[in-house]
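One structure is given below, encoded as structure tokens.
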Amino acid sequence: MRKFTKSQKLFRKVSRIIPLASQTFSKSYLQFIKGWAPLFVSHAKGAAIWDVDGHRYIDFINALLPVILGYQYPAVDEAIKKQLQKGIVLSLPSPLEAELAELLIKHIPCAEMVRFGKNGSDVTSGAIRLARAVTGREHVAVCGYHGWHDWYIGSTTRKLGVPRSTQSLTHKFEYNNIKSLEQIFRRHKNQVAAVIMEPMSYDEPKNNFLRKVKALAHKHGTLLVFDEVITGFRFDLGGAQKLFGVTPDLAAFGKSMANGMPIAALVGKRRYMEKVKDIFYSFTQGGELLSIAAAIATIKEIERRKVIPYLWKLGGILQKSTKALIRRHGLEGTIEVKGKPVWQVFGFHETNGFSDLEIKSYVQQELLQRGFLWFGSHNMSFAHTKRDIDGILRAYDEIFERLQILLSTKQLRRALRGKPITNIFKVR
Ligand code: PMP
């Protein structure tokens, strides 16, 4: 049996000096069954990752999606090393910035001009400030998760520390519910600067939803911003806007841009992007070159190796087969797998008196024992092979069979070795 002694020991030490013992909510102990999961990792290569206790896993988290090609991908790592010999960050802009901008413009339908950021939050926040500057309005409509800054996080339950005046400017609407957006426009007539949304997360757009959102926003003189921090470079190199054929005014890209190096991009129509000069959007590391070189190499590799069709195909097999196993074991009411094949997300539902998180924790506990790092999604990478997919499917088959029995005999709680995963806060 896999034990996690070193992880546990390290956790006790680290939690005294690093709040949450993690830099990211989604990588923290809150996402894992207590005592029976790795909490720290040492290294990773391809699709595999090793924890501090020395256990190897096939990684279905992939650093929360930046790792699209696989860990230590040679063409990207070489580009980083080559740039390292020329300097990490320089005192004036480098021509490499324009090279990356051109690549983004080539692929992303709305991109006529580009500015970089480091995190997804940089560029979603830049888009909102820009939309406010362009329209002279203050309110924003949001749909999905858009980052940690005040303007967005004030609209969630994690709003501690955000001024009420800021909270009152952000309004949530529901995906596939155009009426919920209409209501915001009715209540805040001529006051909405931007509609920002994930073009798709778990659910498919229905009844021309994206087109309707765009028409409604434009009818009210509001900018449409697509948050493509996840969909960008996964759904398509041109993002979900390319896949669905709906072009927004501005868009935010991040995560998978550079196979793990920290870089994001604010892109959009020239007539709006020109105004970036007038707002304050500027930071010391905006032109940091290891990330820019890595992004160029990543995009070229995605083009050359036809990475995205591969992710769709392999992810498609995995999603279809997982759904078949759920059906075979009579768990349709308990487990579902949503999203596109390139980024699939599990939904768990309370069954026979057991909570969604207890059920998810059981599946996680068993997957970890079988060598799969998993927190409820399939974050596909180019390094995943058919063998990896077959491996996790075999594991699901065993786990679901047992789960079905544990649920129907009401024994699940006894099968859990530790306290279940805690819910952080739901944004989607
Ligand atoms: N938008 C979306 C859709 C995201 O998934 C995330 C990150 N999870 C962000 C924005 C924020 O990105 P970051 O964490 O890099 O600031």
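The values are calculated or read from the model by the stated rules, or taken from the named source; none is laboratory data. Just so you know, these numbers come straight off a predicted model, no measurement behind them. Here the Cβ is made from the backbone with ideal geometry for all residues, glycine too, and neighbour counts use every protein chain on show. With ligands, DNA and RNA removed, areas are computed over all heavy atoms of the protein, side chains included. Shrake-Rupley method; radii C 1.70, N 1.55, O 1.52, S 1.80 Å.
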Tell me, what HN-Hα J-couplings in whole Hz come from the Karplus equation 6.51 cos²θ - 1.76 cosθ + 1.60 at θ = phi - 60° for each residue of segment 140-147, using x for Gly and Pro? 9, 10, 10, 8, x, 10, 10, x
Cα-based shape type of segment 50-173, given that a ≥ b ≥ c are square roots of the gyration tensor eigenvalues and the cut on a/c is 1.5: oblate
What pairs in LYS81/LYS118; LYS6/LYS323; LYS86/LYS118 have C-alpha atoms more than 29 Å from each other? LYS6/LYS323
For ASN423, what is the net charge nearby, where nearby means another residue's Cβ is under 11 Å from its Cβ and Lys, Arg count +1, Asp, Glu -1? +1
Members of LYS159/LYS340; LYS255/LYS338; LYS206/LYS320 lying beyond 23 Å, as alpha-carbon distances in this model show: LYS159/LYS340
Mind giving me the nanometre distance, one decimal, between the label points for ARG187 and LYS82, set 7 Å out from Cα along Cα→Cβ? 5.3 nm
Compute the helix-to-body angle for 74-84: its Cα long axis versus the longest principal axis of the chain, expressed 0 to 90° and rounded to tens. 50 degrees
Amide H of LEU373 versus every other amide H placed in the peptide plane: which residues, excluding those fewer than 5 positions away on the same chain, fall under 5 Å? ILE58, ASP59, PHE60
So how much slack lies between ILE279 and GLU112, counting 0.36 nm per residue of separation and subtracting their Cα-Cα distance, in nm? 58.3 nm
Mean-square fluctuation maximum in Gaussian network of the chain, Cα pairs under 10 Å, restricted to LEU367, LEU96, LEU224, hits LEU96
The extension gain from LEU30 to ASP150, computed as 0.36 nm times the residue separation minus the Cα-Cα distance, is 40.9 nm
In degrees from 0 to 90, rounded to the nearest 10, what is the angle of the helix 386-408 Cα long axis to the longest principal axis of the chain? 60 degrees
Taking a probe of 1.4 Å and leaving out DNA, RNA and ligands, the chain shows per residue an accessible area in Å² of 45 Å²
Once the Cα atoms of helix 289-304 and of the chain are each reduced to a long axis, what angle between those two axes, in degrees from 0 to 90 to the nearest 10, is obtained? 70 degrees
Along segment 4-18, Karplus-curve 3J(HN,Hα) (6.51, -1.76, 1.60; θ = phi - 60°) to the nearest Hz, with x for Gly and Pro, reads 10, 4, 5, 4, 5, 5, 4, 4, 4, 6, 5, 5, 6, 10, 10
Within-13-Å neighbourhood charge of ILE58 [Cβ basis; K, R +1; D, E -1]: +2
For labels at GLU401 and LYS13 in the simple 7 Å Cα→Cβ model, what's the distance in nm? 4.2 nm
Give me the percent of accessible area attributable to carbon and sulfur for the chain, probe 1.4 angstrom. 52 percent
Go through LYS219/LYS269; LYS242/LYS306; LYS360/LYS386; LYS27/LYS275 and tell me which ones have a Cα-Cα distance over 28 Å in this structure. LYS27/LYS275
Gap separating the Cα centres of segment 105-136 and segment 1-64, nearest whole Å: 34 Å
Around LEU412, with a cut-off of 13 angstrom between Cβ atoms, what is the net charge of the other residues, counting Lys and Arg +1 and Asp and Glu -1? +2
Residue separation between GLU174 and GLU303 times 0.36 nm, minus their alpha-carbon distance, gives in nm 43.0 nm
